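Here the structure is laid out as structure tokens; the discussion comes afterwards.
The values are calculated or read from the model by the stated rules, or taken from the named source; none is laboratory data. What you see is a predicted model; the values in this text were computed from it and never measured. Neighbour counts are summed over all protein chains in view; Cβ atoms, including those assigned to glycine, are modelled from backbone coordinates with ideal geometry.
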């Protein structure tokens, strides 16, 4: 890793107008969360006896997990396959994954009826349940992500934990912990990196198996025995686009290094995986003969066509063009299309394609559900912003006039200024 | 079982259910009770008196309904079980008329079917739902976390949820009067009260034979189908009817158990953790290889004197 690409805390003020907007987006969601815990799910959501899962499962959990796939895909590329050119993007991807997975149990606490019993799967094992497998993998992987992230914290604070006020009694203990972690983790990190990749493959595919328990309810356009494989491949395909998406957005508001050459290289893998995914999707339609549902002019057929055309064909064609792959804007647009495609796919499998017998009302998210989902998303972006400000996650941009690296490497306490 | 009865069974599609469905799927650890109880509902006998609804309400200590049980106006709309009522009776007019040219109603009792291989039990993340030896699909609220995956899984759309309870919402459905049938001689509330013997409680195998006998004895009265004999691999509640089931609000469902797809995939991948462990080993080998190569390259470049 060259000196130019070294990650460091960013010497930028935290409370910018954009960050204040994020905080403003969190407030209404918080109010609805309180309402949910006082009045029950029925007080806030549009869930019904025939629509037991809404956007809190489909977006906050199922889509969130897919969009956090950048963590394991970049880890595999940089650390397992040894492509060191991608080292710089592993840290932001790891941070996104860590935040994404941290918010899965938070979203679940809001969604499940007996939130105080959320720990039950850890003792009441039910090995036939796909949900149990997914839950176990997510719990373990979240902890793996924390371990993978620990060296970044240690790098920054091992010589100076300075907690304010009464918390300062912990300074010595925490500093010791970080020093030990810094010394030992390096040698055993390969165990966790490999575990992270394997666990991700397990639960990303497991999420696809979830709806296989409802063969008579999930529309035939999506119900296929290869749904787990499709979920896994699409998660791998959306990993790098998420890295591109974040990097482009982050560099628009933060003084960080322009990574377009690295992102261009990354997009070649995405081109490959979105291609494999497209072939599997089309092949599945042909093998099962479900192409005949494509033009039934229902909400389902329309949604499926949008998913395929916007999320698979269009980005595949775009990324096939070298000019698009080399341009920052082209990369960003292609990444957005793939992300939108995966979001729509998860929504389709969990909501649009789910048709319950005897349903008298359809499901449409309530204002409260939308507000909470918006708040959780804003909270993730807010925490991302906080952590990249104070921790060495992103490589700061080197000013063209100066040669001193110290200018952009903040010293403790600088970031608040 | 004599030969003629057997032929009727075969004709009604029971034969496929008589073969234990799990045996065809090696590696799937499924335990279907050998000799469960069941209920046979004879729709040609039901007169729509709603006594079963009332008995269910009493036995399970459910709140009083908004419309009293003797008000027959409820039949004007189709109902489904709710968190406060585990069973409902609906009225259907299939177009059949009697000798005075009046439409003949058919009444259909709806409740949990207590599947032999229930999708809800397979789906439940904590095992709060279990299939008991006596045939009941039993719900244990002390384990439940309220994820509502059972509601996604149930092909009959039976589990109901208490959405307005903020602390201890429960999944609600027919219990098969689990406590009562666990006692010797115990009978579910609805079956015990039925004044026209439209509901017969007993061992499922006996009920299947009884249903086949009734169909065989009066072929003009019944259509040759025992609903629940093989639907989704068989259910503890069985129905015989004089009208086609699809005209009476019954769903046309596959005859293989619902959990087979997920369980064969899951158990195939996770048997002895062979797949995750293989992947771990493979990635580990790749990681080891790339790191050794990089070290060597570093070594060579240092030897040449142009190291970093």
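Being part of a helix (DSSP H, G or I) and either surrounded by 19 or more Cβ atoms within 10 Å (Cβ to Cβ) or without any contact (Cβ under 8 Å) to a residue 40 or more places away in the chain (or both) holds for only one residue in A:304, A:295, and it is A:304. Of all residues in region B:127-145, those that are more than 9 Å from chain A (Cβ to nearest Cβ) and on the phi > 0 side of the Ramachandran plot have Cβ atoms under 8 Å from Cβ atoms of residues that are assigned to a loop (DSSP other than H, G, I, E, B) and surrounded by 19 or more Cβ atoms within 10 Å (Cβ to Cβ), 6 or more apart or on another chain, in B:135/B:36; B:135/B:114; B:135/B:176; B:135/B:236.
Let's see how each residue does on (1) in contact (Cβ under 8 Å) with a residue 60 or more places away in the chain; (2) farther than 30 Å from residue A:362 by Cα:
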{"position": "A:249", "(1), (2)": "no, yes"}
{"position": "A:288", "(1), (2)": "yes, no"}
{"position": "A:310", "(1), (2)": "no, no"}
{"position": "A:325", "(1), (2)": "yes, yes"}
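Comparison of B:196, B:232 shows that the only residue that is loosely packed, with under 14 Cβ neighbours inside 10 Å, touching a residue at least 40 places away in the same chain (Cβ under 8 Å) and out of contact with any helix residue (DSSP H, G or I) (no Cβ under 6 Å at 6 or more places or on another chain) is B:196.
Quick one: count up the residues across region B:255-297 that are free of Cβ contacts under 8 Å to residues at least 40 places away in the same chain, over 27 Å from residue A:135 (Cα atoms) and more than 7 Å from every other protein chain (Cβ to nearest Cβ).
The number of residues fulfilling the criteria is 8.
Only residues that are over 14 Å from residue B:87 (Cα atoms) and within 14 Å of chain A (Cβ to nearest Cβ) were counted in region B:160-184, giving 11.
When residue A:55 is tested against the conditions (1) surrounded by 24 or more Cβ atoms within 10 Å (Cβ to Cβ); (2) more than 21 Å from residue A:311 (Cβ to Cβ), the lone failure is (2).
Residues in region B:144-161 that are farther than 10 Å from residue B:173 by Cβ, touching a helix residue (DSSP H, G or I) at 6+ places or on another chain (Cβ under 6 Å) and not in a helix (DSSP H, G or I): B:145, B:155. Of the helices (runs of 4 or more DSSP H) contained entirely in region B:191-308, those carrying at least 3 residues that are within 24 Å of residue B:177 (Cβ to Cβ) fall at B:204-217. Where helices (runs of 4 or more DSSP H) fall wholly inside region A:87-162, the ranges with 2 or more residues that are within 14 Å of another protein chain (Cβ to nearest Cβ) and within 14 Å of the chain's Cα centre (by Cα) are A:87-111, A:130-157. Listed conditions (1) surrounded by fewer than 23 Cβ atoms within 10 Å (Cβ to Cβ); (2) at pLDDT 95 or above; (3) in a loop (DSSP other than H, G, I, E, B) are all met by residue A:29, apart from (3).
Does residue B:216 count as assigned by the TED database to the domain that holds residue B:55 and either surrounded by fewer than 19 Cβ atoms within 10 Å (Cβ to Cβ) or more than 30 Å from residue A:211 (Cα to Cα) (or both)? Here the answer is yes, as residue B:216 does meet what is asked.
Please indicate, with yes or no, whether at least one residue in region A:3-16 is in a loop (DSSP other than H, G, I, E, B) and modelled with pLDDT of 95 or more. Please lay out each step first, then the result.
Taking region A:3-16 and keeping what is in a loop (DSSP other than H, G, I, E, B), we get A:6-9, A:11-16.
Within this subset, residues satisfying the condition of being modelled with pLDDT of 95 or more are none.
So far as region A:3-16 goes, no, none of its residues is in a loop (DSSP other than H, G, I, E, B) and modelled with pLDDT of 95 or more.
Summed over region A:198-224, residues that are free of Cβ contacts under 8 Å to residues at least 24 places away in the same chain and in contact with a helix residue (DSSP H, G or I) (Cβ under 6 Å, 6 or more places away or on another chain) total 1.
Each residue in region A:197-231 was checked for being assigned to a helix (DSSP H, G or I), surrounded by 22 or more Cβ atoms within 10 Å (Cβ to Cβ) and more than 10 Å from every other protein chain (Cβ to nearest Cβ), and 5 of them qualify. Quick check on residue A:265: is it part of a helix (DSSP H, G or I) and modelled with pLDDT under 95? Yes; evaluated as a whole, the condition is true for this residue.
Within the option set B:31, B:45, being out of contact with any strand residue (DSSP E or B) (no Cβ under 6 Å at 6 or more places or on another chain), part of a loop (DSSP other than H, G, I, E, B) and at pLDDT 95 or above holds for one residue only, B:45.
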